[in-house]
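The values are calculated or read from the model by the stated rules, or taken from the named source; none is laboratory data. Quick caveat: nothing in here was measured; it's all calculated off a predicted structure. The accessibility values were calculated without ligands, DNA or RNA, using every heavy atom of the protein model including side chains. Shrake-Rupley method; radii C 1.70, N 1.55, O 1.52, S 1.80 Å.
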Amino acid sequence: MPVLELALDAGERVIAEGGDVAWLTPGFGMDTSSAHGGAGGFMGGLKRALGGGQLFLTEYTAPAAGGRITFAASLPGTIRELTIDPAVSFMVQSGSYMVSTGGVDVSVGFQRRLGAGIFGGAGVVFQALSGSGTAWIQLAGELSEIELAAGESLLIHPGHLAMYKAGMELEFATVKGVKNKVFGDSLFLAQMHGPGTIWLQSMTPAALAAAIQPYLPRQQSTTRD
C-alpha cells in the first residue's frame, strides 16, 4: 500500500480529490471547489464527476515555512508520476487520479457502456489528464509498459488497461464463441492500436474484491419464535 509524500516550498500548491490526504504538517491552506482541476467551473466539475471523479477537488497551499503532505493509495500497487505538457497528455482509468499541480486539467476523456460482463455493466471510463504540470496516479498491482508501433495492436481485458497516451485508437472487440460469452468473465476485450505507449496493471479492483469477498464476515440471519 504505497504512499505519496510531497515536500512543498512556501506557497506551492497541489490539488487532490477529497479524502485522499493521509497526513500533513500544520499550516496548510485548504480550498475546496468545483473549479479546481481545470477550466469550466461547476460544469467542468460536473463533467469530471460524470467521468468517475469527484465534483469537488481540494487545493492545498504550503505555509511560509513550507511543509510536507502525504497521500495514501486506496489499493495495493504502484504510484506513478506523470509529466504533462500540451504535447503529451494521458488517459487514465477512472479512480486512478490522485494528485496534480495547478496547471493539470482533469476531465472525462472516454466513456463507453458495455454489456453486463464488464464491471457489472457499468462500462469503461477513462479520465483525461492534460494541460501542463505534474500528476500522480495510483495503479493496482505491478505495472507493465508496452510500446506499440504503427500497425500493431493488443487485446486487453478492460480492467487491466490502466493508462495510455492520449490520441491512441481504442475500440472494443467481442469475444468469439458461445461458450466463451456464457462462461467467460468478459464479453468484450479492449483493443489498443499503435503507435503509442500503454500501461497495463496486473490487478483489477473487481478481481481484488472478488478474492476478498469469501473471507468477509457475513451477517447472520435471526429467527423469532
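In Å², and per residue, what accessible area does the range 67-111 have when probed at 1.4 Å with the other protein chains present?
For the range 67-111, the solvent-accessible area averages 39 Å² per residue.
Ignoring ligands and nucleic acids, what accessible area does Arg80 show with a 1.4 Å probe (Å², nearest 10)?
In the full protein context, Arg80 sits at about 70 Å².
Compute, for Asp31, the solvent-accessible surface of its heavy atoms (probe 1.4 Å) with the complete set of protein chains present, and express it in square angstrom to the nearest 10.
Roughly 70 Å² of Asp31 is accessible to a 1.4 Å probe.
Considering only protein heavy atoms and a probe of 1.4 Å, how much of the accessible area of the range 52-104 is carbon and sulfur, as a whole percent?
Of all accessible area on the range 52-104, carbon and sulfur atoms account for 55 percent.
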